[in-house]
1. So which of LYS76/LYS231; LYS87/LYS127; LYS69/LYS121; LYS119/LYS277 end up more than 23 Å apart by C-alpha?
2. Sorted by mean Cβ packing within 10 Å, highest first, what order do the peptides 130-139, 292-301, 24-33 take?
3. Scaled to the compact-protein estimate 2.2 N^0.38 Å, what is the alpha-carbon radius of gyration of the range 134-278, rounded to two decimal places?
4. Starting from the Kirkwood Rh over alpha-carbon pairs, what translational D in µm² s⁻¹ does the chain have by Stokes-Einstein at 4 °C and 1.567 mPa s?
5. Name the long-range amide H neighbours of SER229: under 5 Å, sequence gap of 5 or more, or other chain; modelled H, no Pro or chain starts.
6. Viscosity 1.306 mPa s, temperature 10 °C: what is the translational diffusion coefficient of the range 3-45 from Stokes-Einstein with a Kirkwood Rh over Cα pairs, rounded to a whole number of µm²/s?
7. In debye, nearest 20: dipole of the chain around its Cα centre with unit charges on the Cβ of K, R (+) and D, E (-)?
8. I'd like the FRET efficiency for ILE89 and THR322, computed as 1/(1 + (r/R0)^6) with the beta carbon distance as r and R0 of 30 Å, rounded to 0.05.
Amino acid sequence: MSVRKIRNTWWVDIHFNGFRYRKKSPDNSKAGAQTYESLLRQKLAKGESINKPKEKEIELPKFEEFAWKWFEIYAKPNNKDSEVSNKEIALRVHLVPFFGKTKIDKITNQQIEEYKATKVKTHLANKTINNHLVILSTCLHTAKDWLNFEKTPKIQKLKVPSQKFDYLTTEEMDILLKNASGIWHDVFLVALKTGMRKGELLALVWENINWKTGQVIVSQSMYNRIITSTKSNRIRYVDMTKEVYGCLWERRKSRGFVFTDENDKHFSMRRINDVLKRTCKRAGIRQITVHTLRHTFASHLAMAGAPIQAIQGLLGHSDIQTTMRYAHLSPSIYKETINLLEPDLVNINFRQHTVNTLKEESVKQINDNLETSLT
């Protein structure tokens, strides 16, 4: 019998030239199966194949091809100029030369470990290598979504030691400012007393100085003379000290950028670094960067006992862990805890607690006796 019903499904089962063909009927009825059988026999008689041709496997691109496509249509629109520049360098100098000839879906965990080992041997910092791995991971996950392949390799970052940072003492701050003159004195003072990033200083406009509230509104940054959002994409409000308020008030304008040269043009990133370098040399203090001024702001706040959450808000950190690097400078948080290990302090506190308890019990006893005698 060429058509048969098996578990409520009609099948066609025929033999032709020594081969057996068993097909499920597209029309699940006896008549439908018989019609399908007739169609299959006609095709076989004409020498046509009745087996469904295999779908041609889509050939996925190599990493090099996909990475640059991803860079153009994903990285550029979704990142600020500084981040786009960093991604372009990482791809061109590091990732594409290593993974470029491998199919995008064939990159393995072993290859990634080999990449890490290779870069470590070139003395590239672990943090920099981890930045490359983040770019690689984002690129691969995007490829998985766009090209619909099964999975991406698991990427494990290298361990990065806690970042050390430098900051100026109060005396060094005074020496630095005494050796800076004109607008550069104001640039360094505002950096030291507001914690603004270099790009935020260069992008600061007079419209964002609120003289009534005494606040600086940090809403934008500058990179390669192009205005962008702040690093955390957030607006923050930083109160001015009297010194900052005074120096800015003397040069106040109604509009335009706060820090410009004698021709009212932007300073370049390089120029502000060069001037700071020369000022440090003139002041006889170690060479520092503009970011050191930001570290100084946060460090002095921590040493004065400012809450970590407040420092986080003033610096514009999106992650509290970034701000926690300053926690060890706080004078009170850990001191009070360590005092618990001091036997003398503990005994003094215990004795005082005992005395207070006895006083309370005595007063209660006197009151109880008085109440009894009156009744």
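1. With Cα atoms farther than 23 Å apart: LYS69/LYS121; LYS119/LYS277.
2. Descending packing order for the listed peptides: 292-301, 130-139, 24-33.
3. 1.39
4. The diffusion coefficient I find is 46 µm²/s.
5. Result for SER229 returns SER221.
6. Stokes-Einstein gives a translational diffusion coefficient of 154 µm²/s.
7. Roughly 2320 debye for the chain.
8. Plugging the Cβ-Cβ distance into 1/(1 + (r/R0)^6) gives 0.85.
Every number in this text was worked out from the coordinates using simple rules, so none of it is lab data. Keep in mind that what you see is a predicted model, and the values were worked out from it rather than measured. Every residue, glycine as well, gets a Cβ built from its backbone with ideal geometry; the counts of neighbours run over all protein chains shown.
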